[in-house]
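Trainee: Let me give you the structure first, and then I'll get to my questions.
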Amino acid sequence: MFKRTKLKLIFLSVFFILLYVIYIFSHKYLVDNYVSIETIHNKKNIKNLVKNISIQSQFLNSTIHTYSKWDDAYNFLQGKKPNFQKRDFRNSVESLKILSLDFFIYTDNDNVIKFCDCKKNDTVKTLFNETKKLFLNKDEASTIITIDKNIFYVMKSSVLKTNHTGKKVGNLYVAKLLNNTIKSFTNRSFQFINLVKEKIISPDGELEFNNMKVKYKIIEDNSFIDNYLEFIDANNNYITTLKVSNYRDYIVQGKETTFIFNIIISIILAIIFYMSYRYQIITKSYTEKLERDVQRRTKELKQSNKELHELAYKDFLTKIDNRRSFFIKVQKLLKDTIFRRELVHIVMIDVDNFKQINDEYTHDIGDIVLKKFASILKKHITHNDLCARIGGEEFVIAFSDISTKEVIQKVEAIRKETEESKIILDKNRFFNFTASFGISDNKETNNIDKILHKADSYLYEVKRNGKNHIRYR
């Protein structure tokens, strides 16, 4: 009897010691693993949030740079182009809506507003006044400011000619509300996002954000992870602090998993190896779920980058390259041909009587004409060629690595198909439209401005002599 009792005591002692060892091991392994995953995931979410804001601001910087270095805007502020808003800025208004800008304002050198595309409310008025004061002695600047618990990215740029020459004739001010960009991370990466006015003491790390810095501090308790993101401008001045928080779901899941695991071990010790296998399956399941979440969010970020790239480098209406994209690509093309000694032909194109089409058939029909003409151009170019819309009804093509004869044949095919195409108004009404073409090449120079200027002069000679023709040399 004594031996049986002793054996039971030994057995129970070994049993409970083994359970204790397993409990300690499983608790430490599982919970610490989830803590590590949670820490990595939380820091990645912080970086993705800052990166998303940075991508938006970089895109806005490139946009304001384009609009502030624009000959039409330069001439408008000099009083040489009074119809600037109605004619040259018509297509840009749609782009501004897509960008969700709160204001887009041209001023003269004394900051008197000359053109304003903005929402009419007190917040915008206050925002513009704060932006003017903030950038009073600066020609080119950007930063984040907060007004009434709203976060805005504001920019200022001097208005110069397209080639950055000429004296400064005014300023372009732009502001975008970042609240929606930040709130898009609610439920996707963070459960709670708030704006607080608290400076961070002893930050855990620092991220670069354009010319600004973002210091962050991570505070954890049993239920929450609170992340404080402190924005600091280029002059090391405090702007604001963003508080983003999450429930500690990974820790809860880890503790629940550990508890279930140990209950099963205590009930059926004989199948410990089987339960270890189950544990691996559970761990793998959570890991795969995490990987799927990361892949999905990476895919969303790539899609966001793709959309931003489309906005920056594609014409919104015709879906072909815009002016900025064309100049980047054609300059690289011309540089490459210096070594290969290839001939590059530049074709300047203008849709004939486009203003008359708009006046007679409305701007919607005019947009259909532009999209139709862009589709004709795409049919007649290859992947080696460049095609872009660089103005209202102005298009340009760059042909490379083909002879002048082939270029003229292709351009004639475009001209002929354009002449024969029909724009259907209704069942019994339609009209045709034509285009004029000026062709130049890089035989004498690889300077794109000079090549375009020559092609442009040929184009306008065609326009003066009856339109719907081609002029080369």
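Trainee: Counting helices only, and only those DSSP H runs with n ≥ 4, report the 222 nm mean residue ellipticity of the chain as the sum of -39,500 (n - 2.57) divided by its residues, in deg cm²/dmol to the nearest 500.
Mentor: Helix-only estimate at 222 nm: -17500 deg cm²/dmol.
Trainee: Only Cα pairs under 8 Å and at least 6 apart count here; give the relative contact order of the chain as a rounded whole percent.
Mentor: It comes to 11 percent, rounded to a whole number.
Trainee: Please work out how much accessible surface ARG323 shows to a 1.4 Å probe, ignoring ligands, DNA and RNA, in Å² rounded to 10.
Mentor: 100
Trainee: A further question on this structure: Could you pull the accessible area for MET155 with a 1.4 Å probe, rounded to 10 Å²?
Mentor: Its heavy atoms expose roughly 0 Å² to the probe.
Trainee: Suppose R0 equals 45 Å. What FRET efficiency, 1/(1 + (r/R0)^6) with r the Cβ-Cβ distance, do HIS383 and HIS65 give to the nearest 0.05?
Mentor: So, using R0 = 45 Å, E works out to roughly 0.95.
Trainee: Okay, moving on. In whole percent, what relative contact order does segment 414-473 give with Cα contacts below 8 Å and a gap of six or more residues?
Mentor: Value for segment 414-473: 34 percent.
Trainee: Same structure, new question: Principal axes first, then extents: for the Cα atoms of segment 96-167, list largest minus smallest coordinate on each axis, whole Å, largest first.
Mentor: 40, 26, 20
Trainee: What FRET efficiency comes out for ASN210 versus ILE328 if R0 is 30 angstrom and r is the Cβ-Cβ distance? Round to the nearest 0.05.
Mentor: Taking R0 as 30 Å, the efficiency between ASN210 and ILE328 is 0.90.
Trainee: Another question about this same structure. Quick check: with the 1.4 Å probe, what order do LEU134, LEU178 take by accessible area, largest first?
Mentor: Largest accessible area first, the list is LEU134, LEU178.
Trainee: Dividing the alpha-carbon Rg of segment 307-448 by 2.2 N^0.38 Å yields what?
Mentor: So segment 307-448 has a normalised radius of gyration of 1.11.
Trainee: Take the Cα radius of gyration of segment 90-239 and divide it by 2.2 N^0.38 Å, with N its residue count; two decimals is plenty.
Mentor: Cα Rg divided by the expected 2.2 N^0.38 Å: 1.21.
Trainee: Okay, moving on. Beyond 45 Å, what percent of the Cα pairs of the chain remain?
Mentor: 36
Trainee: A further question on this structure: Could you work out what % of the accessible surface of the chain is carbon and sulfur, using a 1.4 angstrom probe and leaving DNA, RNA and ligands out of the count?
Mentor: The C+S portion of the solvent-accessible surface of the chain is 53 percent.
Trainee: May I ask for the angle, rounded to the nearest 10°, between helix 323-340 and the longest principal axis of the chain, with both axes built from Cα atoms and the value confined to 0 to 90°?
Mentor: 80
Trainee: Can you give the accessible area of LYS454, probe radius 1.4 Å, in Å² rounded to 10?
Mentor: Surface open to solvent at LYS454 totals about 60 Å².
Trainee: Counting only heavy atoms of the protein chains, get the accessible area per residue of segment 294-334 (1.4 Å probe) and round it to a whole Å² value.
Mentor: Averaged over the residues of segment 294-334, the accessible area is 63 Å².
Trainee: With θ set to phi - 60° and the Karplus curve 6.51 cos²θ - 1.76 cosθ + 1.60, what are the ³J(HN,Hα) couplings of segment 113-130 in order, to the nearest whole Hz, using x for Gly and Pro?
Mentor: In residue order, the calculated couplings are 5, 10, 8, 9, 10, 7, 7, 8, 8, 5, 4, 5, 4, 4, 4, 5, 5, 5 Hz.
Trainee: Related question: When the C-alpha atoms of segment 307-391 are aligned to their principal axes, what extent does each axis show, in angstrom, from largest down?
Mentor: 50, 30, 20
Trainee: Work through the residues other than TYR74 whose Cβ is under 11 Å from its Cβ and net out their charges, Lys, Arg +1 and Asp, Glu -1.
Mentor: Value of the local net charge: +4.
Trainee: Mean separation of Cα pairs under 8 Å and 6+ residues apart, divided by the residue count of segment 218-266: what relative contact order is that in percent?
Mentor: Reported as a whole number, the value is 29 percent.
Trainee: Still on this structure: Across 5 Å bins from the origin, how do the percents of Cα pairs in segment 385-473 run, short distances first?
Mentor: The distribution over segment 385-473 is 3, 12, 20, 26, 18, 9, 6, 3, 2, 1, 0, given as percents.
Trainee: Using only the alpha-carbon atoms, how far is helix 404-420 inclined from the longest principal axis of the chain? Give it as 0 to 90 degrees, nearest 10.
Mentor: Computed tilt is about 90 degrees.
Trainee: Past the 13 angstrom mark, what percentage of all C-alpha to C-alpha distances in segment 164-216 do you count?
Mentor: That fraction is 78 percent.
Trainee: Cα-Cα over 27 Å: which of LYS69/LYS379; LYS156/LYS450; LYS47/LYS302; LYS314/LYS355?
Mentor: Going by Cα-Cα distance, LYS69/LYS379; LYS156/LYS450 fall outside the 27 Å limit.
Trainee: Relative to the first principal axis of the alpha-carbon coordinates of the chain, what is the inclination of helix 363-379, with its axis defined by its Cα atoms, in degrees from 0 to 90 and to the nearest 10?
Mentor: Here the helix axis deviates by roughly 80 degrees.
The values are calculated or read from the model by the stated rules, or taken from the named source; none is laboratory data. As the structure is a computational prediction, the values presented were derived from the model and not from experiment. Neighbour counts are summed over all protein chains in view; Cβ atoms, including those assigned to glycine, are modelled from backbone coordinates with ideal geometry. To get the accessible areas, we keep the full protein, side chains included, count just its heavy atoms, and leave off ligands, DNA and RNA. Shrake-Rupley method; radii C 1.70, N 1.55, O 1.52, S 1.80 Å.
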